[in-house]
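In what follows, a single structure is set out as structure tokens and then discussed.
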Amino acid sequence: MTSVSRAPNQVMRGLIPYVLLSVVLISAYYYNPTVRRAAQSAAVIGIPVHFLASLPSMALEGMQGKLRPTGQLRRDYAALREHNLILQTRLHRFEFLESENRRLRKMLSATPPESEKVTLATLVAVNPDPRSQTVLVNKGSADGVFEGQPVVDAGGIVGQVTRPGVFRSTVSLLTRENQAVPAQVARSGLRTVIYGGGRNRPLRVLYLDRNADIRTGDLLMTSGLAGRYPAGYPVARITVVERNLAESFMNIAAEPTSHLGREREVLLLWLPDARPLPPGLSSAVPGDPVD
């Protein structure tokens, strides 16, 4: 009991000097201007100290309500990953659609103004027979498609309809050996006829005199003669020009400018003066499949 009673007495005796010092300082602050100025100066100096001392409590208050359990963070992360995957998939789709729109705009802008009407058709199938050189489109006589109708894509002449079905039609490519397109050299205006060379073979430009003004790289455009193909469409570009002094005609080869069925869409053209080609330039071939 004696030791317990001594402890409060010792505490009181230890506090008495501080209490007296506090009373003296408070009295001096109120009654002595010098002490007041010193206290104010000390308060200014203590501002950074107070700020540094309050940083932990400020940080803790800022984090209150923002800390989440680990399980919630994992669920949020999984949801964000799923949402990101969905957005990436949609982005790929949008890029594909943007590419499709660019190709369609390019195709439509390649249509000369003299054509009265164009119809967009989609390729349904490519004939696996390497000798056929045909493709199938999803337009037929129900859509007004007729035999001999010219077909183009963004690169130029693809070919012409040879067997129109009710809902689908067969298009013979201009590379087919029995195809012929009246054309002219864009640079010089020289008129000629382009013949198909067959699968994986260049187009043939026949019966040009060895002194004719034609050279490698020349662009051949449709001339509009014979009334089947409209004038002004790209057909082919010259790749080989061989002049042999022992022969009257040159050996000329060309590559088509069109994509020849490698694109998904083509354009069917209606012309006001469309009429059949003369014999030798017709393209109807028996046996072409039409679905």
Query raised in the report: If you take the residues of region 131-154 that are surrounded by fewer than 23 Cβ atoms within 10 Å (Cβ to Cβ), charged (D, E, K, R) and under 21 Å from GLY196 (Cα atoms), which of them is modelled with the highest pLDDT?
Result: GLU147
Report summary line: Filtering region 115-152 for residues that are aliphatic (A, V, I, L, M) and under 15 Å from VAL166 (Cα atoms) leaves a count of 6
Report task. Within region 160-174, track down each residue that is in a strand (DSSP E or B) and either of a type outside the set (S, T, N, Q) or in contact with an Asp or Glu (Cβ under 6 Å, 6 or more places away or on another chain) (or both). Result -> VAL161, THR162, ARG163, PRO164, THR170, VAL171, LEU173
Query raised in the report: What is the residue count in region 175-213 for residues that are in a loop (DSSP other than H, G, I, E, B), among the aliphatic types (A, V, I, L, M) and more than 12 Å from ALA254 (Cα to Cα)?
Result: 4
Report summary line: Just one listed residue, out of SER188, SER172, is hydroxyl-bearing (Ser, Thr, Tyr) and more than 33 Å from the chain's Cα centre (by Cα), and it is SER188
**Report entry** Cross-chain or 6+ apart pairs with Cβ under 8 Å, region 214-225 first and within 12 Å of THR257 (Cα to Cα), then among the basic types (Lys, Arg) and not in a loop (DSSP other than H, G, I, E, B)
**Finding:** GLY217/ARG237; ASP218/ARG237; LEU219/ARG237; LEU220/ARG237
**Report entry** Top-ranked residue of region 185-214 - restricted to ones that are among the charged types (D, E, K, R) and in contact with a Pro (Cβ under 9 Å, 6 or more places away or on another chain), ranked as surrounded by the fewest Cβ atoms within 10 Å (Cβ to Cβ)
**Finding:** ARG191
Query raised in the report: Quick check: is even one residue across region 70-85 at pLDDT below 75, farther than 30 Å from HIS259 by Cα and either of a type outside the set (Val, Ile, Thr) or not assigned by TED's automatic domain parsing to the domain that holds THR122 (or both)?
Result: yes
Report task. Residue by residue through region 216-258, note down the ones that are in a strand (DSSP E or B), of a type outside the set (Phe, Trp, Tyr) and farther than 21 Å from VAL171 by Cβ. Result -> LEU219, ARG237, ILE238, THR239, VAL240, VAL241, GLU242, ASN251, ILE252, ALA253
Query raised in the report: So is PRO182 under 18 Å from THR119 (Cα atoms) and either buried (at least 19 other Cβ atoms within 10 Å of the Cβ) or aromatic (Phe, Trp, Tyr) (or both) or not?
Result: no
**Report entry** Selection from region 145-169 of residues that are of a type in the set (Ser, Thr, Tyr) and within 28 Å of LEU219 (Cβ to Cβ)
**Finding:** THR162
Requested in this report: Tell me, yes or no, whether region 167-176 has at least one residue that is surrounded by fewer than 19 Cβ atoms within 10 Å (Cβ to Cβ), closer than 30 Å to ASP143 by Cα and either at pLDDT 90 or above or in contact with a His (Cβ under 8 Å, 6 or more places away or on another chain) (or both).
Outcome: yes
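The values are calculated or read from the model by the stated rules, or taken from the named source; none is laboratory data. This is a predicted model, so every value here is computed, not measured. Positions of Cβ are backbone-derived with ideal geometry, glycine not excepted, and every protein chain shown enters the neighbour counts.
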